[in-house]
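The block underneath contains the structure these notes are about, expressed in structure tokens.
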Amino acid sequence: MSSDPAGIGNADLLNLLAQGLGSGAIKVVDLTHTLSPDFPVIVLPPEFGQCQPFRMEEVSRYDHRGPGWYWNNISMSEHAGTHFDAPAHWISGRNVPNGTVDNVAPEALIGPAVVLDFSKESQADADFVMTRAHIEAWETRHGPIPPRAWVLMRTDWSKLVGTPAYVGMTADGAHSPGPDAGAIEFLIQERDITGFGTETVGTDSGQGSHLSPPYPAHYILHGHGKFGLQCLANLDQLPATGAVIIAPPLKIRQGSGSPLRVLALVP
Amino acid sequence: MTTPLQPPPKKDPQIPTRPPQLPPIPRSRAALAMSAAAAKGQFALQTCRDCGAVCYPPRDGCPKCLSTRLRFQPVAAGGELIAETTVQASTDLYFRERLPWRVGTVTLDCGPSVMAHVHADLTTPSRVTMAMKLDKGGNAVLFALPEKVTDHMEDDPQYRELNASPKHRRVLVTDGRSGVGQAVVQALLDAGAATVFVGIADPWKPFAGAADLGGDPRIEVMTLDVTDTTSVKELAGEIGGKTDILVNTADHVRPGGILSRSDIVTSRDEFEVNVFGLQRLAQAFGPLMRARGADGANSAVAFVDILPIHALSNWHAFGAHSASAAARHSVLQCLRGEMRAGGVRVLSVFTGPVDDDWRQTVEPPKLAPTAIAKAVVAALQGGIEDYYVGDIAKDVLEKWLDNPKVLEREQQA
């Protein structure tokens, strides 16, 4: 039995966690939006294949179709609602080993999270682009981002769900905040993150197709085997550092992503 | 002139809604052919191919020469009203709710003398123009109309039983995002609709023409996505009890056939809107409309669908879309029978290619949205079950009636 320098055994560690959860000392925050038919999905030019929003057809509800039970058939894109992007989602990640959701190492799906709060900047500018400089400035206040962390970009965009501003669609495309290539390269190459999460419909900004490379978060994250989380909620309930998130996607064979329930453990 | 129909008063919540009754239904197979003509808005009677006699009522042999070679074909619609009476009492459940009822005898210019329903503006004797109309049971009846249009002629209560006029009625247009949807909204308002509810999917996505929908107080924009069962049910919960006419303008169209696509994703989108969307609308609104088929001057009267003529025969350039149209046509046929119990008409407005973004590469003639809107109103005002709008639709129909297999090959070109 191994133990850490403080002399706490592994079983004790897990017991402590359970005790913390039981006593409420460790809070569980749900970072997931309710999966519903009216939740927006990403908008692509209509000549491309489209992202199917969540749909639900009732099979029976204690009635002639099934007297004792209630259940539904559901259908959706792998990228509908609060969802996980696997490396294979993007062309840059097509050759990444174990790049589909069924093959993602489970250890990667639970890990520390840091929350980069750019809600003020995003409120001031729907097209706010987070750069390396923004992240470095954040680190001077909160310390360096630890390795293998999930980096969550807080914009308070989740509070716009149900309003046109959430996607911010106008004739020149969507308008919502996101990172540029430099920010993502920094997080990967110098901070070795596990994944990057946002409150918006994608890990990229609404105008991300006009950046270089287009959709830099998707392109660079997945090209390096990193994961994406999007349509997150309640990031304002997380501390800047110290939370742990649990984000396992469905185990879909050769799946490129999956809707999921994302939970955060908060001290 | 006819006394203009006044906007109906608000419903008295203490009076039970009049249950729909239908006029007598049974018809011989020969008589159903007359209903088939009326369904297309034709005035057609059996004509003997041997002696040329025009026959009425429909039968299996010529009353003049005993030939069995009788065929329905369009005949002159003129005639003279020579006698009339007003029925004051009836044991028939449908008519006794609607008395008094005017009937008369008309000598048709093409030969036969017929019993007909008679418009209130006619005096006896007088020249008349005959119309062959579908009654609420879906059968052809003859209606004598003034030769010249009189003021508010369409407001005659007997005439209103035979059409589905939008005047003073509340209409749901299911998709207001498209040019066709918006043109239909305007045409219905121009035809006197009291309210037009306009369904908009994904209201967070801007669309051309949105501002115009905000301009008229008779327009109410509602969230509606026909691919989302919850959305359709919620809207029916909100306005289903006062939807007198439903016009389904939703159509998901993309070019391409079966092998020119490599998946069923787009076809599925097409079926979700064009077929299952139609079914969702029918299942959510149909029972409510069917229950209100006799609910006064603004009773529920019609469920209208706008669909491509290539429902009849596949057009390869839009082959997958045609497949969804064929399914849609079949759904409408089923629905027509199911809605009949409430006297609610199911109208199919068949169109050729619409002049829109998705058919930019299609050669003219193409249909302007306003032409389709005009057709929707004409189908409602005429109570016409199968309305063919534009040259392509009429041409395809004609070729299909002539030889479906030849048409199939022609449309593969």
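The values are calculated or read from the model by the stated rules, or taken from the named source; none is laboratory data. Just so it is clear, the structure is predicted and the values come from calculations on it, not from any experiment. Here Cβ is always computed from backbone atoms with ideal geometry, including for glycine, and neighbour counts include all displayed protein chains.
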Leading residue by the ranking (farthest from the other protein chains (Cβ to nearest Cβ)) among those in the range B:228-277 that are assigned to a helix (DSSP H, G or I) and within 21 Å of B:D295 (Cα to Cα) | B:K242
Can you tell me which residues in the range A:50-75 are more than 24 Å from A:P164 (Cβ to Cβ) and either modelled with pLDDT under 95 or in a loop (DSSP other than H, G, I, E, B) (or both)?
-> A:H64, A:R65
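What number of residues within the range A:208-265 are assigned to a loop (DSSP other than H, G, I, E, B), in contact with a helix residue (DSSP H, G or I) (Cβ under 8 Å, 6 or more places away or on another chain) and not aromatic (F, W, Y)? Reasoning before the result, please.
Filtering the range A:208-265 for residues assigned to a loop (DSSP other than H, G, I, E, B) gives A:211-215, A:224-226, A:231, A:233-234, A:238-242, A:247-256, A:260-262.
When the remaining residues are screened for being in contact with a helix residue (DSSP H, G or I) (Cβ under 8 Å, 6 or more places away or on another chain), the result is A:211-215, A:224-226, A:231, A:233-234, A:240-241, A:247-256.
From the residues that got through so far, the ones that are not aromatic (F, W, Y) too are A:211-214, A:224-226, A:231, A:233-234, A:240-241, A:247-256.
Qualifying residue count, the range A:208-265: 22.
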Do we have B:T3 as polar (S, T, N, Q), surrounded by fewer than 18 Cβ atoms within 10 Å (Cβ to Cβ), touching a His at 6+ places or on another chain (Cβ under 8 Å) and part of a loop (DSSP other than H, G, I, E, B) here?
-> yes
Scanning the range B:209-221 residue by residue, the ones that are under 21 Å from A:T163 (Cβ atoms), outside any helix (DSSP H, G or I) and either within 11 Å of chain A (Cβ to nearest Cβ) or free of Cβ contacts under 8 Å to residues at least 40 places away in the same chain (or both) total 2
Return only the number of the condition from (1) farther than 25 Å from B:D355 by Cα; (2) crowded, with 23+ Cβ neighbours inside 10 Å; (3) not acidic (D, E) that B:V247 does not satisfy.
-> (1)
For the range B:338-394, what are the residues that are closer than 23 Å to B:L246 by Cβ, among the hydroxyl-bearing types (S, T, Y) and in contact (Cβ under 8 Å) with a residue 60 or more places away in the chain?
-> B:T370, B:Y387, B:Y388
Looking across the range A:147-184 at residues that are free of Cβ contacts under 8 Å to residues at least 24 places away in the same chain and aliphatic (A, V, I, L, M), the single one that is farthest from the other protein chains (Cβ to nearest Cβ) is A:L160
From the option list A:I184, A:I135, A:I145, A:I110, single residue qualifying as under 27 Å from A:L250 (Cα atoms), touching a helix residue (DSSP H, G or I) at 6+ places or on another chain (Cβ under 7 Å) and not basic (K, R) is A:I184
Pick from B:R290, B:R280: which is farther than 15 Å from B:S324 by Cβ and either surrounded by fewer than 20 Cβ atoms within 10 Å (Cβ to Cβ) or within 13 Å of another protein chain (Cβ to nearest Cβ) (or both)?
-> B:R290
Per the filter on the range A:20-66, residues touching a Leu at 6+ places or on another chain (Cβ under 8 Å), within 11 Å of chain B (Cβ to nearest Cβ) and in contact (Cβ under 8 Å) with a residue 40 or more places away in the chain are A:F54
